[in-house]
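Heads up: the structure comes next, in structure tokens.
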Amino acid sequence: MLRLFTARIIWPLLLILVVLLPMGINAVAGKKVSVNGQPLPKGSMERGKKVFEATCLTCHQADGSGVPRLNPPLIKSDYVTGDPVYLINILLKGLNDEIEVNGEYYGNPMPAQVQLSDQEIADVLTYVRNNFENKAKAITPAQVTAERKKLK
Amino acid sequence: MLVRFLLASSLWFGIVYTTRASDTTKIQTPAGFSTSIIADDLGNARHIAAAPNGVLFIKLERLKNGKGILRLEDNNKDGIYETITGFGNFGGTGIAVKNGYLYASSNSEVYRYRLNDKFEVLDADKPELIVTGLVNKNQHESKSITLDNAGNLYINVGAPSNACQVADRTKGSPGQDPCPILETAGGIWRFRANKLNQSYSEGTHYATGLRNVVGLDWNSAINELFVMQHGRDQLAQLYPDLYNDKQSAELPAEEMFMIKEGSNCGWPYCYYDGQQKKKVLAPEYGGDGKKEDRCANMQKPVVAFPAHMAPNALLFYTGDKFPARYKNGAFIAFHGSWNRAPLKQEGYLVAFVPFSNGQPSGEWEIFANGFAGVAEVKSPRDAKHRPCGLTQGADGAIYVADDVKGTIYRITYNN
């Protein structure tokens with residue numbers, strides 16, 4: 001009976017430990033990992049969160065779920081985790097067309113956020129791409145600089 | 001009830017629709033009132049209009065099965081509107097029945113359909129175009145309509161803007177002064193109800209300084225137009241030095257106005273502070289949250305409601321089936337907020353304001369609540385239903401349309 005108990009309880013517990021251990025190590029080391037195991041730039045998530053709260057939260061909501069039919073969600077959204085150039089340009093130019101996300105349509109215009117620095121745009125996009133159940137590569141200030149140059 | 005719903009499959013262009021039976025959202029109303037669901041899963045049901053024979057018409061924001069207007073009828077009088085037909089190839093919000101016609105709006109036009117004595121639509125594919133070419137720019141684009149008893153049609157043209165900044169909703173961008181948007185939007189326009197192909201030049205610019213009105217109704221007791229304004233957004237986000245998140249969630253008031261020809265309600269220069277009980281200058285125009293400046297002369301609301309609750313329908317109750325205090329009073333369907341974030345959202349409800357001699361005679365109160373179906377709405381997506389349309393049925397009940405799932409509620413008084 002005891003053996004059976006051990007087999008039933010201990011093994012799953014061990015399994016959980018094995019799975020959790022690498023995550024724990026990362027947590028201890030303070031590293032946040034993006035897609036492909038690439039670490040995100042140091043401090044980008046913390047800085048990005050601040051930009052999000054000051055600039056994006058009202059419309060896209062604290063949980064990134066957006067506002068039905070007005071402001072698109074950021075949760076598990078292809079356009080958020082997809083092409084960085086497209087995403088950077090939404091922030092630099094705004095978006096005045098209706099957008100379809102996960103089968104629903106959103107019509108409110110998104111204002112351009114040119115007042116944000118390249119670093120702030122990179123940080124907030126990295127934050128959004130690695131929060132709200134998303135996982136995608138970080139966006140660098142250099143990528144934003146390159147797109148901003150094309151605006152003129 | 002469940003069985004009734006399952007049996008109440010409706011035929012809609014040959015497609016069998018089974019009314020959703022799982023919806024157990026409980027609506028709270030004052031003692032003596034009760035609520036039932038008369039139709040469900042209709043799509044994004046915006047405004048609703050009742051014909052004198054009990055038939056209901058509903059305007060859908062987006063087409064469903066290729067149709068933008070639904071006609072609902074309860075043939076066997078069991079309280080479930082099982083006979084549903086669709087027509088109209090445009091999405092929109094406004095709908096009204098008047099003098100043998102059904103009026104319905106897209107986001108830039110108003111059409112009308114001829115009705116027969118059973119309030120069936122004649123020439124469903126060939127509506128008459130009454131008004132055309134209204135501003136439609138993907139923000140505040142609903143064209144709500146109401147008609148008076150003298151052959152006039154009133155249309156809201158919402159401003160495609162938050163506060164008429166040079167760059168909309170952008171921190172640091174100044175307010176345009178004068179605001180050019182007001183020439184063709186941000187107000188109410190009046191047209192003849194029976195004249196075809198009218199545009200701005202044939203209409204009367206009836207009222208201005210209204211950011212966005214979705215709920216409006218003609219008050220037949222005193223023959224005046226009343227409207228509900230959606231107040232401006234994002235005070236804290238755009239002016240963090242002047243407003244904190246709490247102030248931003250509680251300012252400005254949502255306003256009810258009695259509109260006269262030539263009324264100026266103050267947008268974008270002013271907003272109404274419900275705590276100070278005055279119109280103050282908007283920060284885009286040099287305001288500091290206290291200064292009145294030019295706003296001292298702007299029209300004041302007859303009722304001020306909490307901020308951001310989004311009043312989407314207004315109905316003056318003229319029936320005799322509710323207790324006397326409700327007679328000629330105003331019901332308002334609040335769609336519920338999103339602009340209170342990061343604070344929790346509010347206002348997914350139907351409110352009531354008692355009226356006497358055409359003016360409010362008491363404080364506003366919650367009439368029906370619980371549409372959201374959750375204890376707390378943190379984000380608007382949490383809400384299972386959002387009130388958007390209101391009408392008074394031929395039976396003296398009021399009907400509430402929800403634009404999340406297309407649930408239609410009937411609220412009756414049982415005595």
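No value in this document is a laboratory result; all are computed from the given coordinates. Since the model is a prediction, treat every value here as computed from it, not as a measurement. As a convention, Cβ positions derive from the backbone with ideal geometry for all residues, glycine included, and neighbour counts pool all protein chains shown.
Per-residue Karplus couplings for the range A:88-97, computed as 6.51 cos²θ - 1.76 cosθ + 1.60 with θ equal to phi - 60°, are listed in order as 4, 6, 4, 6, 7, 10, x, 9, 10, 9 Hz, Gly and Pro entered as x. Remark: the Cα gyration tensor places the range B:42-105 in the oblate category, a/c being 1.5 or greater and a/b not exceeding b/c. For the pair the range B:228-292 and the range B:29-88, the centres of their Cα atoms are 36 angstrom apart.
Per-residue packing, averaged as other Cβ atoms within 10 Å, sorts the ranges B:95-103, B:157-165 into the order B:157-165, B:95-103, beginning with the highest. No solvent, one uniform scatterer per C-alpha: report log10 I(q)/I(0) for the protein assembly as shown via the Debye equation at q = 0.08, 0.10, 0.12 1/Å, two decimals. So the normalised log intensities work out to -0.58, -0.87, -1.17.
The local environment of B:VAL374, defined by Cβ-Cβ distances under 10 Å, has a net charge of 0 under the rule Lys, Arg +1 and Asp, Glu -1. Placing R0 at 51 angstrom, the Cβ-Cβ distance between A:VAL85 and B:ASP241 gives a FRET efficiency of 0.90 after rounding to 0.05.
In percent, rounded to a whole number, the relative contact order of the range B:2-413 is 15, using alpha-carbon pairs under 8 Å and six or more apart. Could you calculate the FRET efficiency of B:ASP320 with A:LYS50 from 1/(1 + (r/R0)^6), where r is the beta carbon distance between them and R0 is 60 Å, rounded to 0.05? Calculated transfer efficiency: 0.55. For chain B, the mean residue ellipticity at 222 nm estimated from helices alone is -1000 deg cm²/dmol, where every DSSP H run of n ≥ 4 contributes -39500 (n - 2.57) and the total is divided by all residues, rounded to the nearest 500. Rg/Rh for the range B:256-371 stands at 1.01; both radii use Cα atoms, and Rh follows the Kirkwood definition. Amide H contacts of B:LEU63 (H built 1.01 Å from N, in plane; Pro and chain starts excluded): B:GLY91 sit under 5 Å, all sequence-distant by 5 or more or on other chains. Sites listed here are trypsin sites (Lys or Arg not before Pro) in the range A:70-150 whose DSSP assignment is loop and whose Cβ has at most 16 other Cβ atoms within 10 Å: A:LYS76, A:LYS135, A:LYS137, A:LYS150. Inter-chain Cβ neighbour count for A:52-62, averaged per residue, equals 5 (cutoff 10 Å, partner chain atoms only).
In the distance distribution for chain B, Cα-Cα pairs more than 32 Å apart total 32 percent. Could you work out how far apart the two model spin labels at B:SER356 and B:LEU63 are, taking each label as a point 7 Å from the Cα in the direction of the beta carbon, and quote it in nm? Going from the B:SER356 label point to the B:LEU63 one covers 5.2 nm. Compared with the direct C-alpha span, the chain from B:LEU343 to B:ASP395 gains 14.7 nm at full extension, assuming 0.36 nm per residue.
Here is the short version for chain B: B:CYS265, B:CYS388 have no other Cys C-beta closer than 4.7 Å. Inter-chain neighbour count for B:336-342: the average number of beta-carbon atoms from partner chains within 10 Å of each residue's beta-carbon is 4. Debye-formula intensities of the range B:25-78, expressed as log10 I(q)/I(0) at q = 0.19, 0.20, 0.27, 0.29 Å⁻¹, are -0.82, -0.88, -1.11, -1.15 (one equal scatterer per alpha-carbon, no solvent). Pairs from the list A:LYS135/B:LYS64; A:LYS49/A:LYS137; B:LYS67/B:LYS405; A:LYS50/B:LYS290 with a Cα-Cα gap above 24 Å: A:LYS135/B:LYS64; A:LYS50/B:LYS290. Geometric descriptor of the range B:206-307, per residue, is 91 Å³ (volume of the convex hull of the Cα atoms).
Note on B:GLN275 and B:ASP41: the extension gain reaches 80.3 nm, defined as 0.36 nm multiplied by sequence separation minus the Cα-Cα distance. Each residue of the range B:183-189 is assigned a 3J(HN,Hα), and the resulting list reads 5, 10, 8, x, x, 10, 10 Hz, derived from the Karplus form 6.51 cos²θ - 1.76 cosθ + 1.60 (θ = phi - 60°), x at Gly and Pro. With a 10 Å cut-off around each Cβ of B:59-68, the average count of Cβ atoms from other chains is 1. Kindly put B:TRP267, B:TRP338 in sequence by how many other C-beta atoms sit within 10 Å of each C-beta, fewest to most. Listed from fewest to most nearby Cβ atoms, that is B:TRP338, B:TRP267. On the beta carbon distance between B:THR132 and B:ARG294, with R0 = 35 Å, the FRET formula returns roughly 0.55. Considering only B:ILE188, B:ILE222, B:ILE84, the mean-square fluctuation computed in a Gaussian network model of chain B, springs between alpha carbons under 10 angstrom, is largest for B:ILE222.
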